[in-house]
Amino acid sequence: MPTLVSVNPATGEPVGSVEAVTPADIGRVVRAARAAQPAWAALGLEARAAAIKAAAADLKAAADRIGELVTLEMGKPLPEGKGEANHCADSLAEEVVEIVDALRPELLEDKRTRTELHFDALGVCAAITPWNFPVLMPLQSVLPALVAGNAVVLKPSEETPLCADLWARTLAKHLPPGVLQVVHGAGDAGRALVLDDVDLIVFTGSRATGIRIMQDAAAGLKRVILELGGKDPLVVLADADLDAAAAFAVRNSFRNAGQVCVSTERIYVHRDVERPFLDRVLERTKALKQGDGREAGVNVGPMVNARQKQVVERQLAQARSAGARVLAGGGEAPGNFVQPTVLAGVDHSMEIMREETFGPVACVMAFGSDDEAVRLANDSPYGLGAAVFGERAHAERVGRALTAGMIGINQGCGGASGTPWVGARHSGYGFHSGKAGHRQFTQVRAVSRPLATA
Ligand code: ADP
């Protein structure tokens, strides 16, 4: 068996290892999932939900350990690692209830016909997840698939196998054998899984990999749910509360060292307030503490690996040589670290304003009118999240003109519970969460009969 070693990006030290799969193993695992699925589906919605909910206490008991592994494997500050794992345990039961509500049969009637809509399992689901939220992303992919009656094969990112493995195995102990299995490996293992006998592929990751998965899925007309990258804009209008806007800009540019699909990647500020906004952003940026996520008070960790650091450094160097001004950070940093950096004087000829950066960089560009702000914010193939800060009605007007799937007015893009996690344009294909999202993990069947004989 090949071995996959997980490395701490803050220190370069190994954290542990897992057995990786070979292509032959994938076939065996998918066959086991296929064999287990009909009985799992036959249990019915409520019994499946009860089995999953029964794992909540064990997941809670393991949450701090899972959270420590998150920090060790991908570098986010320990309170955030533990916070992610605990949130996933605490919200499990509520999530399951929301999914059950979405998947109960629905009745439709007109003068002649009575129709029942059933939300049935699709069969075997491959869940392929990334490293930036290595517990939350598996949770959001795996739970709706399981509640719907699918068997699931989870392939976590090769950067974070240990935390995802502990989470999934803790959950799987409460389920019949074969219903939830974990396989480890890099992209080739993910690809082998996509090409095997699966019915649905749920993927969160980069646009480039999403395109490859869609191509591989096409031959079998397999269902896909792809949550891809973003290049989220923040628009700061002249009538914005600048303290609130700057606090959000710094938090959402540097959280998880910028390695968040909805992190703020482009900031457009009205030129009348550019200076005072920048002063506030710089003050907050200088107060950040970077380091090993296990150290107290650290709020910005390293890049997940050297490759990701190279991407960020290449974009920064290119922007600087094209005339961008470095207002904070931008210096040499050891190992996988990139200093929290604020750039001004950027424009859309620069790659840093067009391609996803996924690093701790805040890029600030001035605009002169609402129309210009909207045009700049929408000038991207991506369309995941967006935020607008300003007087409420004004900000809502601008927000409604944006092409993103999720738009925050004087806040980030996350919605009330029940809101789908949805990207527009190249940020997604299909989506998860919320009633409409949960239903994408199912095959809809409509059973109709004449009303007269009902
Ligand atoms: P990153 O390069 O930042 O890890 P990716 O989008 O490439 O982002 O990876 C996200 C997930 O997709 C990981 O679990 C990875 O192993 C997997 N993956 C990468 N390439 C493929 C592929 N061609 N088919 C299926 N899964 C893949």
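Taking the 0 to 90 degree range and rounding to the nearest ten, how far is the long axis of helix 242-254 tilted relative to the main principal axis of the chain, both from C-alpha atoms?
On a 0 to 90 degree scale, this one is about 60.
Treating the angle as unsigned and between 0 and 90°, give the value, to the nearest 10°, between the Cα long axis of helix 78-90 and the longest Cα principal axis of the chain.
It works out to around 30 degrees.
Give the aspartates and glutamates reachable from K231 as a straight Cα distance under 16 Å; neighbours fewer than 8 places away on the same chain don't count.
Excluding near neighbours in sequence, the set is E265, D347, E351, E355, E356, D379.
Suppose all protein chains stay in the model; what accessible area per residue would a 1.4 Å probe give for the chain, in Å²?
Accessible surface, normalised per residue, equals 40 Å².
Quick check on my link table: of K60/K173; K53/K173; K82/K155; K173/K222, which ones sit more than 20 Å apart, alpha carbon to alpha carbon? Could the numbers behind the result be given before it?
Values: K60/K173 14 Å; K53/K173 12 Å; K82/K155 22 Å; K173/K222 28 Å.
Those over the limit are K82/K155; K173/K222.
Hey, got the dipole for segment 1-147? About the Cα centre, +1 on K and R Cβ, -1 on D and E Cβ, debye to the nearest 20?
480
Of the listed peptides 202-215, 243-256, what is their order by residue-averaged count of other C-beta atoms within 10 Å, with the highest listed first?
Details: 202-215: 19.5, 243-256: 21.6.
Output ranking for 202-215, 243-256: 243-256, 202-215.
Once the other residues with Cβ under 11 Å from the Cβ of V7 are scored (Lys, Arg +1; Asp, Glu -1), what is the net sum?
Working: positive: none; negative: E13, E73, E158, E159.
Summing Lys/Arg as +1 and Asp/Glu as -1 gives -4.
For segment 332-379, treating each Cα as an identical point scatterer without solvent, what Debye log10 I(q)/I(0) comes out at q = 0.32 1/Å?
Once normalised to I(0) and log-transformed, intensities are -1.27.
Report relative contact order for the chain in percent, whole number only (criteria: Cα-Cα under 8 Å, sequence separation at least 6).
18
Give me the net charge for the shell around T22: Cβ to Cβ below 12 angstrom, other residues only, Lys and Arg +1, Asp and Glu -1.
Its environment carries a net charge of -2.
Mean separation of Cα pairs under 8 Å and 6+ residues apart, divided by the residue count of segment 1-155: what relative contact order is that in percent? Don't skip to the end; give the middle numbers.
Details: 213 pairs, mean separation 38.5, N = 155.
Reported as a whole number, the value is 25 percent.
Name the shape class, rounded, prolate or oblate, that the alpha-carbon gyration tensor gives for segment 1-45, where a ≥ b ≥ c are the square roots of its eigenvalues, rounded holds for a/c under 1.5, and otherwise prolate holds if a/b is larger than b/c and oblate otherwise. Display every interim value, and only then the final one.
Working: a/c = 6.08, a/b = 2.18, b/c = 2.79.
Judged from the Cα gyration tensor, segment 1-45 comes out oblate (a/c at least 1.5, b/c at or above a/b).
May I ask for the net charge around T209, where only other residues with Cβ less than 11 Å from the Cβ of T209 are counted and Lys, Arg are +1 while Asp, Glu are -1? Show your work: numbers first, answer last.
Working: positive: R191, R207, R212; negative: D216.
Taking every other residue near T209 into account, the sum is +2.
What is the packing order of peptides 13-23, 172-182, taking the mean over residues of other C-beta atoms within 10 Å and listing the highest first?
Answer by packing, highest mean first, reads 172-182, 13-23.
Compute the helix-to-body angle for 306-321: its Cα long axis versus the longest principal axis of the chain, expressed 0 to 90° and rounded to tens.
Compared with the principal axis, the helix lies near 40 degrees.
Would you please name the GluC sites (Glu not before Pro) within segment 307-391 that are DSSP coil residues with at most 12 other C-beta atoms within 10 Å of their C-beta?
E332
The values are calculated or read from the model by the stated rules, or taken from the named source; none is laboratory data. Please read all numbers here as calculations on a predicted model, not as lab measurements. Using ideal geometry, Cβ is built from the backbone for each residue, glycine included, and neighbour counts are taken over all protein chains shown. These area figures cover heavy atoms from the full protein model, side chains too; ligands, DNA and RNA do not enter into them. Shrake-Rupley method; radii C 1.70, N 1.55, O 1.52, S 1.80 Å.
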